[in-house]
Amino acid sequence: MRSWLLFFALLLSTSAMSQVLNPVKWETEYRAISNTEFDLIFKAKLDPHWAVYSQYLESDDGPIPTTFEYDAGEHFQKIGKCEETGERYEGFDPLFDMNVIKYKKHAEFTQRVKVSDLSKPITGYLTFMTCDDERCLPPTDVDFSFSLKAPEKPAGGTAAPEKQTPKPGSTAETQPETPVEVPAAKPSDSGLLDPVKWAFALEQIADQEYDLTFTAEMEKNWSVYSQFTSPDGPVPTAFYFDEGSHYERMGEVKEDGHKKEGPDPLFGGVVVSKFVDGKVVFTQRVKWLDPGTPITGSLEFMCCDNEQCLPPKDVPFSFDSAGGAAAADALAPPAGKYVLDNTPVDYTFNYDWATQGCADEPAPVEEKSSLWVILLLGFGGGLLALLTPCVFPMIPLTVSFFTKSSSNRKRGINNAIWYGLSIIVIYVFLGLVITGVFGADALNLLSTNAWFNIFFAVLFIAFGISFFGYYEITLPSSWANKSDRMADRGGLIGIFFMAFTLSLVSFSCTGPIIGTLLVETATGGGPTLLGRIPAGPMMGMLGFSVALALPFALFAAFPGWLNSMPKSGGWMTGVKVTLGFVEMALALKFFSIADLTMGWKFLPYEAFVALWVLCALLLTLYYLGYVRFPHDGPRKAMTPGKWGLVAASAALTIYLLTGFRYSEQSETFVTPNLLSGLAPPAGHSYIYPKNCPLNINCFKDFEPGLAYAKEQGKPILLDFTGHGCVNCRRMEDNVWGRDGVFELISDKYVLISLYVDDREQLEESYKSPFSGRMMRTVGNKWADFQAIHFNRNSQPYYVLLSNDLKVLNEPRAYTPDVSEYQTFLECGLDRYEAYKNGAGAEPKIGIAE
């Protein structure tokens, strides 16, 4: 198979969905010290466990310090340095291996300035980086603008701080406006963000001529979009005036504010036009022929920050020449509809208790991918590659070359170390290139695509057959020849190309291992670099290359160890064959994801387990010598080591056979722990088919599930899941089926499982008000439902609800601890009983720390 097939597959590796993080909120205000001196104040509020860093760190080798950049201007000058206060922590930080100064919970930065011209604002931006105990987010820029006013009584001491709302460009001089803010749902009522407030004002310009103004005030980092932005991206701001003969519009709506134009990554690089820096004013001039009749209508807008967008909203308005401007009574929802943040939708959730756990309920811990685990997996893959016939014989030859061709022992060791470092650079660069070309966002689109999962499965089978010796996956020989000629130059450059030549000529053995590692780490999700590049593949390649490079440096330093190395021989072929069976077994995982996603059922549970049993049995027979492959030599006598391998593979075969046990509880098969998350759900079966996990009565549509919960008078366990979600299967197999948990879910709750990767086509597609994307499948609809109502896009995610849609306690993600998950369910049940019996009163249950 040609090399392009391998690399094409790697470039299309997938990435799991993850939650968008925004743990730091910034506010600005100022304090007047005198007519000419002011304190500019920057306040950061941080989520628990997160920190921002001081401006004054001991080294540039650690985190990015918080900095403040001011736009140049002669109308002000800074006085002294920027002071900082807050909950300060100073000491050694293992994330950066150095001493740092950082602030948690809150931080305040104050810069005193002297101003000569108050009519000009002071503008600029701040840069900060935030980390918790295990990860860091990319540095972020936050624009700021201060419009300063002299204190009314400057001699009387320091004026109280005044919060800033940046003001856009000037409008025509008018009488003072009387803004009327449109009522909006409080956060405690809706649980969702409400970062834009609208105010309307009316101003008479001449006889029968009026300006109707619509002012949007935005919270920090939020933007609204121009009327003239591309419809291929966000929803443009639009104004809809009810028709009438009592007025005429004079021209189009004008817009005035700090506008930015350019590609927006939130919309796939579409060039957008948006307003930033706090405020934008829209003005419509009208000729009011009958001022006694109000002018009514509605506006539509969409707002986004740097990481997320909220659904478009309709805001009704009414202008009365006598009473000014006000929100129209039309804010009431249409009959038969709930209302959510002024937008008619199907459901309204109550989030009052969404951040409250019970007194005995542990606080939820966000499941994070461990880069150390990925590093160790890569290291293990590198050790396996060392034992293959393409690499192992090269170790003594290469080490002998360095030790014998160098002028002294020290130089030989240095050359060997450089050789090892070159191997690390080559493989880490490969990981960065493959994932960086597309980035996490593009890879994410392929995570549950059936055809790409089938492609990966076929690719892994090709890897396995190559390990069995039927052919070899090689790179073009011209590449190796050119690299070898570069290696003949000598010096450090020559040694680097020696390492590159090894990477090329050993590809037939290392290629399948690298391919498996890159695909598995890319589809496993985790942290990203620069907010775009998945870090898993890079860490996997780092571990792989360190394991591959380490022997060359160690044996060069201690050449006597070469005598204790095992000799090359047929045992290395056994390593390749073992890896071939591993590749075959992993290919079944990708076939299974495609089967579950599309609902084909060509690979049911019993077939999947039977094929894994077959792989383990054939491996046992191979170690016994009854199964042979083209590159195997003559059959040799059994050794104690081989008998050990026979025993291990036979034990694995017997263990996998336990997957055919029958459970009286779930009335289907019992999944072995090793296959949990790899095998399809046990209910995905021909022999004992079950529609729901563990045969628990469940609903896969929210509306009928909600109706049933009301009929039965039970609370709801809302389960956001996916056919390709590994941790969802682990929760069902290892947590839901345990005594205590199973009874709670099956008897006390109504289970509603919404599959976000269900590929069943909707009867009618529609455009999401949240993301602006077309919703064409059932999975699209439920993923959008989760994002809109719970601001999450990762699975599994569990929400406990009353049957009138009150969130009973803090939702949970992956929770493998059985007792912790059981406490979570019991807390929700207690809350529901107290809520039902107390007619809405707060139950007397403590809030978890």
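Go through the range 68-83 residue by residue and tally those that are under 32 Å from the mean Cα position of the chain (by Cα) and crowded, with 16+ Cβ neighbours inside 10 Å.
So the count comes out to 1.
What residue, of L744, L718, is in a strand (DSSP E or B) and either buried (at least 17 other Cβ atoms within 10 Å of the Cβ) or touching a Cys at 6+ places or on another chain (Cβ under 9 Å) (or both)?
Only one candidate qualifies: L718.
Just a yes or no: is a residue in the range 774-793 modelled with pLDDT of 90 or more, out of contact with any Cys (no Cβ under 8 Å at 6 or more places or on another chain) and open to solvent by 20 Å² or more (accessible area, probe 1.4 Å)?
Scanning the range 774-793 turns up no residue that is modelled with pLDDT of 90 or more, out of contact with any Cys (no Cβ under 8 Å at 6 or more places or on another chain) and open to solvent by 20 Å² or more (accessible area, probe 1.4 Å).
Condition first: at pLDDT 90 or above, more than 29 Å from the chain's Cα centre (by Cα) and of a type outside the set (D, E, K, R). Can you find one or more residues in the range 252-271 that meet it?
Yes, that holds for at least one residue.
Give me the pairs: first residue in the range 227-256 and in contact (Cβ under 8 Å) with a residue 24 or more places away in the chain, second residue among the basic types (K, R), beta-carbon distance under 7 Å, and six or more apart or on different chains, which are they?
Qualifying pairs under 7 Å: T229/K274; F241/R249; Y247/K287; E248/K287; M250/R285; M250/K287; G251/R285.
Restricting the range 672-714 to residues that are touching a strand residue (DSSP E or B) at 6+ places or on another chain (Cβ under 6 Å), farther than 29 Å from A457 by Cβ and part of a loop (DSSP other than H, G, I, E, B), which is most open to solvent (accessible area, probe 1.4 Å)?
K714
Among the residues of the range 629-671, count how many are in a helix (DSSP H, G or I) and either touching a residue at least 40 places away in the same chain (Cβ under 8 Å) or closer than 29 Å to Y471 by Cβ (or both).
Of the residues in that region, 12 qualify.
Which one is nearest to W26 (Cα to Cα) among residues in the range 118-157 that are assigned to a loop (DSSP other than H, G, I, E, B) and at pLDDT 85 or above?
M129
Has the range 750-764 got any residue that is at pLDDT 85 or above, open to solvent by 10 Å² or more (accessible area, probe 1.4 Å) and among the polar types (S, T, N, Q)?
No - not one qualifying residue is present in the range 750-764.
Would you be able to tell me the number of residues in the range 429-469 that are assigned to a helix (DSSP H, G or I), in contact with a Phe, Trp or Tyr (Cβ under 9 Å, 6 or more places away or on another chain), modelled with pLDDT of 75 or more and open to solvent by 10 Å² or more (accessible area, probe 1.4 Å)?
4
Within the range 84-102, restricting attention to residues that are open to solvent by 60 Å² or more (accessible area, probe 1.4 Å) and either aliphatic (A, V, I, L, M) or touching a strand residue (DSSP E or B) at 6+ places or on another chain (Cβ under 8 Å) (or both), which residue is farthest from D133 (Cα to Cα)?
Ranking the candidates gives T85 first.
What are the residue pairs meeting all of these: first residue in the range 571-591, first residue in a helix (DSSP H, G or I), second residue charged (D, E, K, R), Cβ atoms under 7 Å, and 6 or more apart or on different chains?
Close Cβ pairs (under 7 Å, with a partner that is charged (D, E, K, R)) amount to T573/D632.
The values are calculated or read from the model by the stated rules, or taken from the named source; none is laboratory data. Please read these numbers as outputs of a predicted model, since none were measured by experiment. Cβ atoms come from the backbone with ideal geometry, glycine included; neighbour counts cover every protein chain shown. What goes into the accessible areas is simple: the full protein's heavy atoms, side chains included, and nothing from ligands, DNA or RNA. Shrake-Rupley method; radii C 1.70, N 1.55, O 1.52, S 1.80 Å.
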